[in-house]
Amino acid sequence: LRGGFTYFRTRTVLDASLPRDRYDFISNLEQGASNALQRAISEKFGLAIWRETRETNVLVLSVRTANATRLKPAAKPTATQPGHASFDNGHFSFIGCPIEDLAFDIEAYLGDQGVPVIDRTGLTGVFTFDVKWDEPDPKHRNFELLNQAFNDQLGLELTPKIQPVEMLVIEKAR
């Protein structure tokens, strides 16, 4: 995730139908593999693909209550004890992970709602926590219950805002 571009559906503007088949792309380029893939897709399927910053609805993850007891700094992950994050219906578990990863996991968890999550906590290092809430319908994620659990248990909050986000734009080539 870090250092690159994350292609979540929430960060994609799709103005063309995409092929349903699966394809392989193999590159041995040390640099420019992403651009080579972009050219190959454009040539094969007649699509134009680019990155563009657009104003959009987002959820901003921030600290509401400093020093929340359940949000614990953790030791840096090692080869023998790597960091681990998991999320399921009504449960997020983090062991030795940065908060930046939490923002991406929340975005994936709420993915059907189509909103990017931006980390503005300012928290550095890695953390360990376990947060649970009642998720009555796993097919329809409940943002309010999730946000309340993060407020109550971790001292974090998700606030709806509008701000610029880098998006992947895909449309039919002209």
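The values are calculated or read from the model by the stated rules, or taken from the named source; none is laboratory data. Here the structure is a predicted model, which means the values were calculated and not measured. So basically every Cβ, Gly included, is an ideal-geometry build from the backbone, and we count neighbours across all protein chains shown. Just the protein is used for accessible areas: all its heavy atoms, side chains included, with ligands, DNA and RNA removed. Shrake-Rupley method; radii C 1.70, N 1.55, O 1.52, S 1.80 Å.
For the stretch 21-105, applying the loop criterion from DSSP together with a ceiling of 12 other beta carbons within 10 Å to the GluC sites (Glu not before Pro) yields 30.
Determine ³J(HN,Hα), in whole Hz, for all residues of the stretch 81-94 in sequence, where each value follows from phi through the Karplus function 6.51 cos²θ - 1.76 cosθ + 1.60 and θ = phi - 60°; x replaces Gly and Pro. Couplings: 9, x, x, 8, 10, 9, 9, 8, 4, x, 7, 10, 10, 10 Hz.
Based on protein heavy atoms only, the stretch 13-129 ends up with 65 Å² per residue of surface accessible to a 1.4 Å probe. At an R0 of 41 angstrom, the distance between the Cβ atoms of residue 23 and residue 93 translates into a FRET efficiency of 0.70. Counting only Cβ charges, +1 for Lys and Arg and -1 for Asp and Glu, the dipole size of the stretch 33-132 around its Cα centre is about 220 debye. Of the trypsin sites (Lys or Arg not before Pro) in the stretch 38-118, the ones in a loop by DSSP (not H, G, I, E or B) with at most 13 other beta carbons within 10 Å are 70. Computed from the C-beta positions of residue 139 and residue 14, the FRET efficiency with R₀ = 25 Å rounds to 0.65. When the solvent-accessible area of the chain is split by element, carbon and sulfur atoms take up 49 percent of it, the probe being 1.4 Å.
Globularity index of the chain is 1.19 (Cα radius of gyration / 2.2 N^0.38 Å, N = number of residues).
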